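Would you mind keeping the following structure in view while I ask a few things?
The values are calculated or read from the model by the stated rules, or taken from the named source; none is laboratory data. Worth saying up front: this structure is predicted, and the values here are computed from it rather than measured. No Cβ is skipped: glycine too gets one built from the backbone with ideal geometry, and neighbour counts run over all protein chains shown.
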Amino acid sequence: MDLQLRDKRAFVTGSTQGIGFAIAEALAAERATVILNGRHTDRTRAAADRLRTLVPGADIEVAPGDVTDPTALPDLPEIDILVNNAGAFGLSDFADTDDAEWQRYLDVNLLAGARLSRRVLPGMRERGWGRILFIASESGVNVPADMIPYGVSKAATIALGNGLAKLTRGTEVTVNTVLGGPTYSDGVASVVGSIAAAQGVPADAVAASVIGQNTTTLLQRFIRPDEIAALVAFLASPRASAINGAALRADGGVLTGML
């Protein structure tokens, strides 16, 4: 299916690796112009070189900058597609989590996306077309006891996307949120590799053991970043024009409710 993304310009935050890079690759494969973002210039440029190798002929640009810092936001051209992917993730003991750590989760997972959306939404509405996407998590719906700050920040992200969609009435602008599940990102792979090395067992065995502890997953394995990216690419396209204000699952069946 042609997703009709040729000549669209997409900015993907946190796209030097993991889910963000997979999203950038999926959009580039559909011939969108993709702007990569990361905090470090050298890593962002290296990711762009890698992406040009993976998708020959792709139109790739870079916009390094820390999206959590209002003074360090990259200068952006006219954007058709904004993917708010940059995020903080980790286990956290509620009793020991201080205000600074709470603020870190909110800055990365919520406020960065709100800030960038505030920058690009007026132009999208004026032009009559645009896509804003938030990469959230099933943890924003079913908040884990050992990840409360993370889950709360993702719940707020879902609410943000729903609220922003109401500002797009009568236009071809949409705002949607993707609820990812346990994904074998670069960060997860690194942790799994470290555990495997320490225990002297194959990384695949450790990954299977970790995902086996999640008793509700229907997929029974980690989600691949490209599986998240496939949904994002569709939602970013004109093909998804009837989907707005939604929180769509790509969670591997972790959430057990019907809605």
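Select from segment 1-24 the residues that are buried (at least 20 other Cβ atoms within 10 Å of the Cβ) and assigned to a strand (DSSP E or B) and list them in ascending order.
10, 11, 12
Next up: Given the criteria under 16 Å from residue 232 (Cβ atoms) and either of a type in the set (D, E, K, R) or surrounded by fewer than 23 Cβ atoms within 10 Å (Cβ to Cβ) (or both), does residue 117 qualify? First the steps, then the outcome.
Working: under 16 Å from residue 232 (Cβ atoms): yes; either of a type in the set (D, E, K, R) or surrounded by fewer than 23 Cβ atoms within 10 Å (Cβ to Cβ) (or both): yes.
So residue 117 fits the description; yes.
Count, please, the residues in segment 56-100 that happen to be of a type in the set (Ser, Thr, Tyr) and in a helix (DSSP H, G or I).
So the count comes out to 0.
Hey, does segment 197-219 have a residue that's small (Gly, Ala, Ser) and modelled with pLDDT of 90 or more?
There is no residue in segment 197-219 that is small (Gly, Ala, Ser) and modelled with pLDDT of 90 or more.
If you take the residues of segment 131-148 that are assigned to a strand (DSSP E or B) and within 17 Å of the chain's Cα centre (by Cα), which of them is farthest from residue 178 (Cα to Cα)?
Looking at residues that are assigned to a strand (DSSP E or B) and within 17 Å of the chain's Cα centre (by Cα), I get 131.
Given segment 149-259, what helices (runs of 4 or more DSSP H) lie entirely inside it while holding 3 or more residues that are surrounded by 21 or more Cβ atoms within 10 Å (Cβ to Cβ)?
Hits in segment 149-259: 225-235.
Are any residues in segment 221-241 modelled with pLDDT of 95 or more, in contact with a strand residue (DSSP E or B) (Cβ under 9 Å, 6 or more places away or on another chain) and not β-branched (Val, Ile, Thr), and if so, which ones?
Residues satisfying the conditions are 224, 225, 227, 230, 231, 235, 236, 237, 238, 240, 241.
Looking only at segment 25-73, filter to residues that are within 24 Å of residue 110 (Cβ to Cβ) and in contact (Cβ under 8 Å) with a residue 40 or more places away in the chain; which one of those is surrounded by the fewest Cβ atoms within 10 Å (Cβ to Cβ)?
Taking the candidates together, the pick is 70.
Here are the criteria: (1) touching an Asp or Glu at 6+ places or on another chain (Cβ under 8 Å); (2) closer than 17 Å to residue 105 by Cα. Tell me which single one residue 181 does not satisfy.
(2)
Run residue 221 past the list (1) more than 22 Å from the chain's Cα centre (by Cα); (2) without any contact (Cβ under 8 Å) to a residue 40 or more places away in the chain and report the number of the one that doesn't hold.
Result: residue 221 fails condition (1) only.
Return the residues of segment 5-51 that are over 19 Å from residue 65 (Cβ atoms) and among the acidic types (Asp, Glu); say none if nothing qualifies.
Selection gives 7, 25, 30.
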